[in-house]
Structure formats: structure tokens, C-alpha cells
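Peer 1: Can you keep this structure in mind? I'll have questions shortly.
The values are calculated or read from the model by the stated rules, or taken from the named source; none is laboratory data. Worth saying up front: this structure is predicted, and the values here are computed from it rather than measured. Here the Cβ is made from the backbone with ideal geometry for all residues, glycine too, and neighbour counts use every protein chain on show.
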Amino acid sequence: MSKRKKIIPKKSSNFLSYIAWSLVFIIVVLASFVSGYYVGHDSAKEDAIKKEHSKEKIKQSMIKKLEQESAKRQSQKDEQSVNDRLKEVLKKEPVKVEPSKESNDSNETSSLSIKEVVAQYENASHEVEEAVLPKAPERKIVKSSKRPKLAIIIDDVSVKSHISAVKGLHLPITMSFLPPSKARPSSHILAAQESFYMVHLPMEAQSFKAEEPLTLRVDDSNEKIIQRVEEIKKLFPKVKYINNHTGSKFTADEAAMDRLILALKSHDIIFVDSRTTGASKAQKISKKYALEYIGRDVFLDHKMDKPYILSQIKKAIEIAKKHGSAIAIGHPHANTIAAISESKKLFSDVDLVFVNKL
């Protein structure tokens, strides 16, 4: 009897097929997931890079905008009134009252407070006797192919803010320093840092309440005047030019000026007449000792308003063009410095020079 062939149930075969297809499905799903993960990761990475670039672009744009705004503000600041800026500069320099060996001299008639020092220089007419502005002496008309020269002297320089204001003009302006005193103890030290300067020597006025310490007087002896000149030379070793601070009484006294100019001559110092009085004897004494007379032609700030100062600058330029040279004197006031700054185009008609280049 033959053996029967073993038959596998159909049901079992179908079950295995289901398992196989299920595994295939799972593999496909996993493969899709893995593939999608990496594809999505790369896409996300690209998006992140794009966002980063976008942020950087925005950042750079903002920085550029801020820089432009900053430059604009700086430009506006630079365009701010020169007058206002200089007022701030001049306010920042305090007037220190410190002991000075010079203040013990018997000639000292007053000890100025800070308020008195400030008030003293609020009006440049303190240099001139009363309200009269003396005219410069007559001069010959010069016709020359050479360019006319103009020297501007700024008197009363004594603190850092004055120097900063003058040097901020970037013009050859001659600074004339007051000798050191309680109110301005370091003027000679500041002057030593400059290659060229003058000394603004206090001299007796007809009437002036806020007189400087060690002011020269008409009745000072020859020995006393010589001693004072030697003191000035020690304080200001490079000094070659001296002009008078006030001095309407001293410069009008022939004997006093004779003693002074002779003492200055012995130290090779030239006297520049500020002409605070029309009765000055400086020209007569200079001629006596065969010295060239140098005197002020124009006071820039006898009146403190800027339009007046601007008109005086124009006047000084015209005098220089007519006579070949001119000397203008001003003070370290905000309006004076501002007017000089605003006149830079006018100076193209002359050579602006230091006093020693006239």
C-alpha cells in the first residue's frame, strides 16, 4: 500500500505570506523614515544657514544704519556754532588760585577772586583807557608785488582752555601770555610748550581796578624795571616780543618808556605797542634807540559782539593790503575766536603770520 503525500495546510502558507509582507512593509517604512530624516535634516540645516545669513545681513544693515546715524549726528555736532563750542571749552578750564612767590611783592594791590578774573575779561575794552579806542599812527602806503602780511595777537593767554581755543583754529596766531600770578600760576609753564609766544606785560593804567600783580608803574626806578625784565626773561626764556597789558599811563610817560625799552633792548626783546592810549611814547623812544617801531593797528574786540569783531578783521586786512602789513590784537573770548574762524576765506587776501615774520 502506497504512502500518502503529506499536504501542508493552505492556512499556514497564507500566514507566512502575511508575515513576509509585513516585514517588507516595516522595512519600507523604516527606510522611508530614515531617508526622510536625513533629507529633512539637510533641508533644516540649509534653512538654518539661510536664517543665519539673513540675521547677519540684518545685523550688518543695522550696524551700517547706526554708523550713518552716528556720522550724521557727528556732522550736526560739527556744524554746531563755533561760538557755542568755544564757550564750553573756555568754561571747562577752572581758574585755580594757588600761592605764588610773585604775589608777595609790595606792588601787589589786589588779590583777584575767580569771579573777578572772569568778570575782568568779559569785556575786551579793559585794555583801553575809558571808552576811547586810540587810532594807530599814520603809516606810509606801500605798493609792492609781495603779498601783504597780517599778524593777529591774542592777549591775556594764561590757561589751557585759551591755548586750546587758539590752536584749534589751525592758524598762525600769536599768543601773548600774562605773567604767572595767584589767579594763573602756570602761564609760564604753558608758554614753555610753545615754539613761539609773546609776553603780555602789565603796566600802569590811568584807572583800572583789577590791576595785575607786579604791574610796572611810572615811578618805578631803573633798577626795578631792569629786575622785572630779568624776572620775565627767566620765566619766559624764549621771549623775543613783549606788548603792554593796559598801560595807558605807563606808555604815555616818556621817562618810564625810556627805562623799559632800554632794559628790553639789553635782552634783545622787542616792544610791541598795544596802543592803549593815543599818547603813547613808544614810537618816540624806539626811534631814539634806532629800533623799528611796532604797534597795533586794530583792536578786534573792543566791543564783544561778533559782527563788530568780523568788521574789525576786515578792517585789519584792508590796512595790511594798503600798508603791506598790519597787527590786530584780540583776546581769548568765544566771540573773538569764532569770528577769526569764520574769516578764514578772508585771509586768502593776505599772509597770516606770527609777529616775528612781519
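Peer 1: Does Glu211 meet the test of being modelled with pLDDT of 95 or more and either part of a strand (DSSP E or B) or assigned by TED's automatic domain parsing to the domain that holds His331 (or both)?
Peer 2: Here the answer is no, as Glu211 does not meet what is asked.
Peer 1: From the set of residues in segment 241-275 that are within 16 Å of Ala290 (Cα to Cα) and in a loop (DSSP other than H, G, I, E, B), which is farthest from the chain's Cα centre (by Cα)?
Peer 2: Filtering segment 241-275 for residues that are within 16 Å of Ala290 (Cα to Cα) and in a loop (DSSP other than H, G, I, E, B), the one farthest from the chain's Cα centre (by Cα) comes out as Ser266.
Peer 1: Same structure, new question: Collect the residues in segment 301-347 that are without any contact (Cβ under 8 Å) to a residue 12 or more places away in the chain and either polar (S, T, N, Q) or in contact with a His (Cβ under 9 Å, 6 or more places away or on another chain) (or both), keeping them in residue-number order. Working first, answer last.
Peer 2: Narrowing segment 301-347 to residues without any contact (Cβ under 8 Å) to a residue 12 or more places away in the chain: 307-308, 311, 318, 345.
Residues satisfying the conditions are Tyr308, Ser311.
Peer 1: Using beta carbons and a limit of 6 Å, which pairs, at least six apart or on different chains, have the first residue in segment 194-212 and within 14 Å of Pro237 (Cα to Cα) and the second one surrounded by 23 or more Cβ atoms within 10 Å (Cβ to Cβ) and of a type in the set (Gly, Ala, Ser)?
Peer 2: So the pair list comes out as Tyr197/Ala191; Met198/Ser176.
Peer 1: Of the conditions (1) outside any loop (DSSP other than H, G, I, E, B); (2) modelled with pLDDT under 95, Lys182 clears all except one; give me its number.
Peer 2: (1)
Peer 1: For segment 233-248, name all the residues that are touching a strand residue (DSSP E or B) at 6+ places or on another chain (Cβ under 8 Å) and buried (at least 20 other Cβ atoms within 10 Å of the Cβ).
Peer 2: Once the filter is applied, which keeps residues that are touching a strand residue (DSSP E or B) at 6+ places or on another chain (Cβ under 8 Å) and buried (at least 20 other Cβ atoms within 10 Å of the Cβ), segment 233-248 yields Phe236, Val239, Tyr241, Ile242, Asn243, Asn244, His245, Thr246, Gly247.
Peer 1: Would you mind stating whether Ile285 is in the same structural domain as Leu264 (by TED's automatic domain parsing), assigned to a helix (DSSP H, G or I) and modelled with pLDDT of 95 or more?
Peer 2: Taking the combined requirement at face value, the residue satisfies it.
Peer 1: Among the residues that make up segment 217-228, is at least one of them in a loop (DSSP other than H, G, I, E, B), in contact (Cβ under 8 Å) with a residue 40 or more places away in the chain and surrounded by 21 or more Cβ atoms within 10 Å (Cβ to Cβ)?
Peer 2: no
Peer 1: Return yes when Ile327 is part of a helix (DSSP H, G or I) and of a type in the set (A, V, I, L, M, F, W, C) and no when it is not.
Peer 2: no
Peer 1: Next question. Mind listing whichever residues of segment 288-317 are outside any loop (DSSP other than H, G, I, E, B) and among the hydroxyl-bearing types (Ser, Thr, Tyr)? Walk me through how you get there before you give the answer.
Peer 2: Pass one, segment 288-317, residues outside any loop (DSSP other than H, G, I, E, B): 288, 294-295, 298-299, 306-317.
If the condition is that a residue be outside any loop (DSSP other than H, G, I, E, B) and among the hydroxyl-bearing types (Ser, Thr, Tyr), then Tyr308, Ser311 are the ones that fit.
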